[in-house]
Amino acid sequence: MKTNFLSKILIVFFGVVFFIFYKGLNNSNIYVPKVNIDKNIPSFTAKIFNSSTKIKSEEIFNNNQFYLVNIWASWCIPCREEHSFLLDLSKNKNVIIIGINYKDKIQNAKFFLGEFKNPYKIIIRDTDGTISIDWGAYGVPETFLISNKKIIKRITGPINIDSFSEIKEIIQ
Amino acid sequence: MKFLKYLFIIFFLFSFNYSKAENNNLQNKITKNLRCLICQGQSIYDSDSEFANSIKILVDQKINEGQTENQIYEYLKDKYGEWILYDPKFSKNTYFLWLLPILIFIIGGAILSKLFIIKKS
Amino acid sequence: MASLIGYYSLIFGFCTSLLIILISIKNFKNTNVFNTRIISLTFLQFLFVVISFLGLILSFVNSDFSNQTVFNHSHTTKPLFYKISGTWGNHEGSLLLWLLVLTLFIFLFLLKSKEQIKKYRVLTLLFQQIIVIGFFVFLIKSSNPFSNIFPVPIEGLGLNPILQDPALAIHPPILYLGYVGSSIIFSSSLAATSLNNISKEWAKHIKPWVLISWIFLTIGILLGSIWAYYELGWGGFWFWDPVENVSLMPWLALTTLLHCILVLEKRLVLTSWVIILSISTFTLSMSGTFLVRSGILNSVHTFASDPERGLFILIFLFSLIFLSLFIFFSFHKVENQNTKHFFWLSKETSILINNWFMMYFLSVILIGTVYPIFLEVLSSEKISVGPPFYNKLIIPFLIPFLLAMAIGPKLKWIKSDLRDRLYLILFLVISLLLSGLIVNSLDISFLTNTILITAAFYLFLISLRDFFMNKFENLSQNVAHFGFSLLILSILFNNIFSTEVITNLKIGETFHSEKFKINFEKIEQNDKQNFKSLTGKFNIEDQNGVIDVLEPELRIYNQPNIVTSEADIKTNMITDKFMTMNLVRDQEYFNIRYQIKPFMIWIWISVLLITFGGIISLLKKKYEN
């Protein structure tokens, strides 16, 4: 009687374990942080690209309009892929594109912008990567769409045609 | 003897993290406890990826600003989720994680003590 | 061609399995004599798998890229040695190796079990064949090492450079000998349970198998750990990474079983417990395979993973679990209640206390490893469980564990007294003084360390004393326990005394610290067979003016194009000096990591000592009290 009871418990137990492992198989084992949507934008002070002046984040995001923050570097290959989308968006009046130049040499970055054109209204430099951490980013490129000083959309990796049209739809 | 043993165990369970450490040691300690998002499976301390190097700098800055270990953890947890911490805090998500092994230990002890004959026969 | 032969050989091997099962069932029912044809058939099956395995090796050696596995994991410029070791450095090949060992072991088992009753031998074979068939089906269906590609590529994709390493070439085969050895214990205990044949004789008969698997598993883990130490480049040797945990779990179960068998050999007690342990050792090995190969966990050791394969192993694993549950509950008879009890101060008790702690350690590791999976499925929250968790839950419990390990072997079977053992207390005082001295003189004020060192010293001194006083009686236990105390001591001292410098240096620069100077003299570039090598030359001068030259290396592999950092390690009996260098993006300087790690070599030596204890026990015919 006792062993019978125990065996039933064990069967149920292993059944549950099986089910959980089975479910777990379908989950990706690569961790992607939850999208920090509706978070306030971080506040920071950073150097402006190509000058020695510093700027506060409050001075950059001073309006209640759409901003697109793009983390990029000249050495990052996927950044070149998404560049045409950024140029396209830069023509749009509803959005201001802010670049964060991530761990880059200034010459290389200038060369990059010279070759592919500059979609950014303001570029700030992130020489040691800490500003990107403030944003919760962990790679290049990453893009944040901001409205009312809140992050409303986040794209990890290069912007592609889908995310591009989503952004366009939002800012219309 | 036995009583002393248990006392020791209880004492150690609580006295673990209280150590004075210098800045550098503190930085190592913190970065060893952070998981890298680029080479997932390594700690920030072990990793040499761009991301890990930035976090190392950031942790250094925060220590110099006078932030405590827990404040730094909270900050990073807020940015990247609880996943980034190797040492999960005791919370509703981790009750079982922390208590189940202890529970198993206690149950094991109970089963064991039933098998013993304490009195001399 | 070789790959074709390999494939058909695999199919033939599978058919032999079916034949063996057929004949065995007949043999089990009909006659009283063991049908020796079965032995020949298992040998034939082994031969088929050997041919299949040789076929794969040959495809690798010839760089036959029409074979998918070879294409994915090899390259023409790879040195011959790594072409061969690449055979089992991938999922398909390693499974084939697993199968090879499996068929070898069942053949050896049949040869070695001649004095056992017929039914038991046949039944063990049958259970073992279930496992063998599982692997055959898995290999042929979803992990075929011989699948073709057409058109044939000219060049392969190459083997991950960090796997191109001598220690890692022999690490998997040795580890598998351990894992697969546990499958024999699994089948044999199921067979013995079904026949209600768990006895002292069975314990004597199965003990060598337990020892063999345990020895190989220990060495396998050691090799993996040594590899991680010098190859992964940050000077650690154990990371509590899922892949490492997964090998430690069967080891803990096996160690527990080893101690339990000692009791069973003497007195017919704890039979249920021994069966459970035998079953769980192998199921833990299989769960390990599942966790690692399915990609359900992510780890620093990246394996190619595939959920479909994961599903297969999962179903297979749980079939085995349910099969064993069924057999355990329907055939096992619980032993007589009277023999169950022990006097609290006896050898049995001390072994049970050992089991108790071992099971606790096992459960900590098991829960820590799988908890994130459970949490994610149930609440879709993701967390990490890492070294701090394990340290917090394991280290405090090591203290009583070490003390029990010191006192346990002193006790006699059934009932014992410790009154005339004054030295037990004397040694405790000595070790307390010793560790107090060490901790004080080094200005580390952690109480935990003091007590932990005390406990480790205690075991150290007691086993040292026994070694000389007991005239080599109980030698295997003595050596193994001594090794364990040495292991804990070396790990502790290694942790406490390690110093580390991380800095950026350009060529010609010198780094100064209180204790040493590091001078970056030059860098040399060499072209090797399949990589380009950049070797830095560093002169390190310590306080006494002694200069060490360390030459860490960066390797830029051609295929796949990966940069690896090779540590340079100067080892002597007291300390290891460990240095790695890394490239920094867009900078002229290199990132240098220099570590002085005392007692490193003693960690390896102590694990070898522990293993040696097992070997002594295996070689000894008569077992002592």
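The values are calculated or read from the model by the stated rules, or taken from the named source; none is laboratory data. Everything numeric in this text was worked out from a predicted model, so none of it was measured. Methodologically, a virtual Cβ is constructed for each residue, glycine included, from the backbone with ideal geometry; neighbour enumeration extends over all protein chains shown. The protein model used for the area step is the full one, side chains on, heavy atoms only, and it has no ligands, DNA or RNA in it. Shrake-Rupley method; radii C 1.70, N 1.55, O 1.52, S 1.80 Å.
Pairs please, first residue from the stretch C:307-326 and more than 9 Å from chain A (Cβ to nearest Cβ) and without any contact (Cβ under 8 Å) to a residue 40 or more places away in the chain, second anywhere and assigned to a helix (DSSP H, G or I) and surrounded by fewer than 18 Cβ atoms within 10 Å (Cβ to Cβ), Cβ atoms under 6 Å, 6+ apart in sequence or on different chains.
As it stands, the answer is none, since no pair meets every condition given.
Can you name the helices (runs of 4 or more DSSP H) wholly within the stretch A:77-172 that have at least 3 residues being within 13 Å of chain B (Cβ to nearest Cβ) and within 25 Å of residue A:52 (Cβ to Cβ)? Give the steps one after another, and end with the answer.
Numbers: elements: A:77-90, A:106-116, A:130-134, A:161-171.
In the stretch A:77-172, A:130-134 are the helices (runs of 4 or more DSSP H) which contain 3 or more residues that are within 13 Å of chain B (Cβ to nearest Cβ) and within 25 Å of residue A:52 (Cβ to Cβ).
If I filter the stretch B:97-104 for residues that are of a type in the set (Val, Ile, Thr) and at the interface with chain C (Cβ under 7 Å from one of its Cβ atoms), do I get at least one hit?
yes
Sort out which residues of the stretch B:70-85 are open to solvent by 20 Å² or more (accessible area, probe 1.4 Å), within 14 Å of the chain's Cα centre (by Cα) and closer than 26 Å to residue A:139 by Cβ, and write them in order of number.
B:82
Taking the residues in the stretch C:354-378 that are more than 7 Å from chain B (Cβ to nearest Cβ) and without any contact (Cβ under 8 Å) to a residue 60 or more places away in the chain as candidates, determine which candidate is least open to solvent (accessible area, probe 1.4 Å).
C:357
Just name the residue that is surrounded by the fewest Cβ atoms within 10 Å (Cβ to Cβ) out of those in the stretch C:250-287 that are small (Gly, Ala, Ser) and more than 13 Å from chain A (Cβ to nearest Cβ).
This residue is C:253.
Let's see how each residue does on (1) outside any loop (DSSP other than H, G, I, E, B); (2) free of Cβ contacts under 8 Å to residues at least 60 places away in the same chain:
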| residue | (1), (2) |
| --- | --- |
| C:4 | yes, no |
| C:11 | yes, no |
| C:34 | no, no |
| C:51 | yes, yes |
| C:75 | no, no |
| C:82 | yes, no |
| C:85 | yes, no |
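For the stretch A:19-73: of the residues being within 14 Å of chain C (Cβ to nearest Cβ) and under 17 Å from the mean Cα position of the chain (by Cα), which is most open to solvent (accessible area, probe 1.4 Å)?
Result: A:34.
Got at least one residue in the stretch B:27-35 being modelled with pLDDT of 85 or more, in contact with a Gly (Cβ under 6 Å, 6 or more places away or on another chain) and within 11 Å of chain C (Cβ to nearest Cβ)?
Within the stretch B:27-35 (the criterion being modelled with pLDDT of 85 or more, in contact with a Gly (Cβ under 6 Å, 6 or more places away or on another chain) and within 11 Å of chain C (Cβ to nearest Cβ)), the answer is no, since none of the residues qualifies.
Hand me the list of helices (runs of 4 or more DSSP H) wholly inside the stretch C:158-276 holding 1 or more residues that are polar (S, T, N, Q) and over 13 Å from the mean Cα position of the chain (by Cα).
C:166-194, C:242-266
So which of C:577, C:570 is of a type outside the set (Ser, Thr, Tyr), outside any loop (DSSP other than H, G, I, E, B) and either surrounded by fewer than 18 Cβ atoms within 10 Å (Cβ to Cβ) or assigned by TED's automatic domain parsing to the domain that holds residue C:70 (or both)?
C:570
Which one is farthest from the chain's Cα centre (by Cα), of the residues in the stretch C:527-545 that are more than 21 Å from residue C:505 (Cα to Cα) and open to solvent by 60 Å² or more (accessible area, probe 1.4 Å)?
Per the criteria, the residue is C:544.
Is it the case that residue C:19 is at pLDDT 90 or above, under 17 Å from residue C:128 (Cβ atoms), among the hydrophobic types (A, V, I, L, M, F, W, C) and more than 32 Å from the chain's Cα centre (by Cα)?
Yes, satisfied.
Has the stretch C:605-619 got at least one residue that is part of a strand (DSSP E or B), at negative phi, without any contact (Cβ under 8 Å) to a residue 12 or more places away in the chain and open to solvent by 40 Å² or more (accessible area, probe 1.4 Å)?
No, that holds for no residue.
When you go through (1) farther than 18 Å from residue C:365 by Cα; (2) open to solvent by less than 10 Å² (accessible area, probe 1.4 Å); (3) not in a helix (DSSP H, G or I) one by one for residue B:45, which number turns out not to apply?
So the condition that residue B:45 fails would be (2).
Among the residues of the stretch B:93-112, is any part of a loop (DSSP other than H, G, I, E, B) and not hydroxyl-bearing (Ser, Thr, Tyr)?
yes
Name the residues in the stretch A:122-142 that are under 19 Å from residue A:88 (Cβ atoms) and out of contact with any Ser or Thr (no Cβ under 8 Å at 6 or more places or on another chain), would you?
Within the stretch A:122-142, A:122, A:123, A:141 meet the criteria.
Of all the residues that make up the stretch C:54-70, how many are part of a helix (DSSP H, G or I) and either surrounded by fewer than 22 Cβ atoms within 10 Å (Cβ to Cβ) or among the polar types (S, T, N, Q) (or both)? Give the derivation first.
Looking only at the stretch C:54-70, we keep the residues that are part of a helix (DSSP H, G or I), and these are C:54-61, C:68-70.
With either surrounded by fewer than 22 Cβ atoms within 10 Å (Cβ to Cβ) or among the polar types (S, T, N, Q) (or both) added as a condition, the list becomes C:54, C:57-59, C:61, C:68-69.
Number of matching residues: 7.
Would you please name the residue that is modelled with the highest pLDDT, looking only at residues in the stretch C:140-162 that are surrounded by 18 or more Cβ atoms within 10 Å (Cβ to Cβ) and among the hydrophobic types (A, V, I, L, M, F, W, C)?
C:146
Before we move on, is residue C:85 over 25 Å from residue C:186 (Cα atoms) and touching a Lys or Arg at 6+ places or on another chain (Cβ under 9 Å)?
no
Identify, by number, the condition in (1) open to solvent by less than 40 Å² (accessible area, probe 1.4 Å); (2) without any contact (Cβ under 8 Å) to a residue 12 or more places away in the chain that residue A:13 doesn't meet.
(1)
Do we find that residue C:493 is in contact with a strand residue (DSSP E or B) (Cβ under 7 Å, 6 or more places away or on another chain), at pLDDT below 90 and not assigned by TED's automatic domain parsing to the domain that holds residue C:235 in this structure?
Yes; evaluated as a whole, the condition is true for this residue.
Condition first: open to solvent by 10 Å² or more (accessible area, probe 1.4 Å), not in a helix (DSSP H, G or I) and not aliphatic (A, V, I, L, M). Now tell me which residues in the stretch C:99-117 satisfy that.
Result: C:114, C:115, C:116.
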